[in-house]
Each structure stands twice: as structure tokens, then as C-alpha cells.
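For reference, the structure discussed in these notes is given below.
The values are calculated or read from the model by the stated rules, or taken from the named source; none is laboratory data. Predicted model only: the values in this text are computed from it and were never measured. Cβ: placed from backbone, ideal geometry, glycine included. Neighbour counts: every protein chain shown. Only protein heavy atoms, including side chains, enter the accessible area calculation; ligands, DNA and RNA are left aside. Shrake-Rupley method; radii C 1.70, N 1.55, O 1.52, S 1.80 Å.
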Amino acid sequence: MEDNYGVRIQYQYKTKEDLSESCGSYCSNYEAEAFAIEAAVLQLTSVFSFYPEKTHNIVIFSDSRSVLEALQNESLQNSSLKSLFLTIDSFLKTYDVDLTLQWIPGHCNIT
């Protein structure tokens, strides 16, 4: 059974974009959560590079407390977490924005 990640990007003015992709047969839920955050950052990198006027501060909500805590503690033992950390670092060096990673409880009907 393959794990998938899913991302919803909600832009200013209520426009939105949904992303999802398979993470492969041997991907853990933890890795899928890290891939989801990285996919959001990579998509925003693309949007900001083509449309600089859309550059603004970002809040990424995730229900993966373990991924967020690992990033906060710089516990980068997992290759997907290392990749995510480097992607975020590059993003923040390229764009003058604030990036907030915020935990929310999952599967609780929070829109």
C-alpha cells in the first residue's frame, strides 16, 4: 500500500491550490508528512519566482507534531527531514518572508 501526501495552499484573496502525490510503497507516514511540507515550500518557491508580487509571509499547518518537533530540534536523522530542512533554509535565504510552521490536531474536522 502506498502512502500519499496532500497539501492545500490557501493564497490571499481566497484562491487555493491542492497538491497530492504518491510517496512510494516504502514511505512511512512520517516521511509523507515531511514530503507534504516540502511540497508546499517548493510550490511557493515556484509561485514567488514567477510572481514576485505574490511574495508574502507563510503559515504552514501540519498535524505531524513529530516532524515539526524534529525540525525545531534540528534532529535531522531521516533523509526526508534533511531534505525538508535544506529546502526551508534555501527558501528563507531567497525570500524575505516569515515562515511559521504550526501544529494542528489532525482528523478533527478543522477546516
Check: Sorted by average packing, counted as other Cβ atoms within 10 angstrom per residue and highest first, what order do 32-42, 66-76 take?
Finding: 32-42, 66-76
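Expressed as a rounded percentage, what relative contact order does the chain have, with Cα pairs under 8 Å and six or more residues apart? The partial results should precede the final answer.
Working: 131 pairs, mean separation 28.8, N = 111.
Relative contact order for the chain comes out at 26 percent.
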Next item on the list: Could you grab the Rg to Rh ratio for segment 49-89? Cα atoms only, Kirkwood for Rh.
Entry: 1.08
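For the chain, what does the accessible surface come to per residue with a 1.4 Å probe? Please give it in Å².
Numbers: 7500 Å² over 111 residues.
Ligands and nucleic acids excluded, the result is 68 Å² per residue.
So what's the projected area for the chain, the Cα convex hull averaged over all directions, in nm²?
Working: hull surface 29.3 nm².
Projected over every direction and averaged, the Cα hull of the chain covers 7.3 nm².
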Notebook entry, point to check: Whose amide H sits under 5 Å from the amide H of Cys27, counting only residues 5 or more places off or on another chain, with H placed in the peptide plane?
Noted result: Asp3
Item checked: Cysteines without a disulfide-compatible partner [the chain; Cβ-Cβ under 4.7 Å] -> Cys108
Note to self: Counting only protein heavy atoms and a 1.4 Å probe, tell me what percentage of the chain's accessible area is made up of carbon and sulfur.
What the structure shows: 49 percent
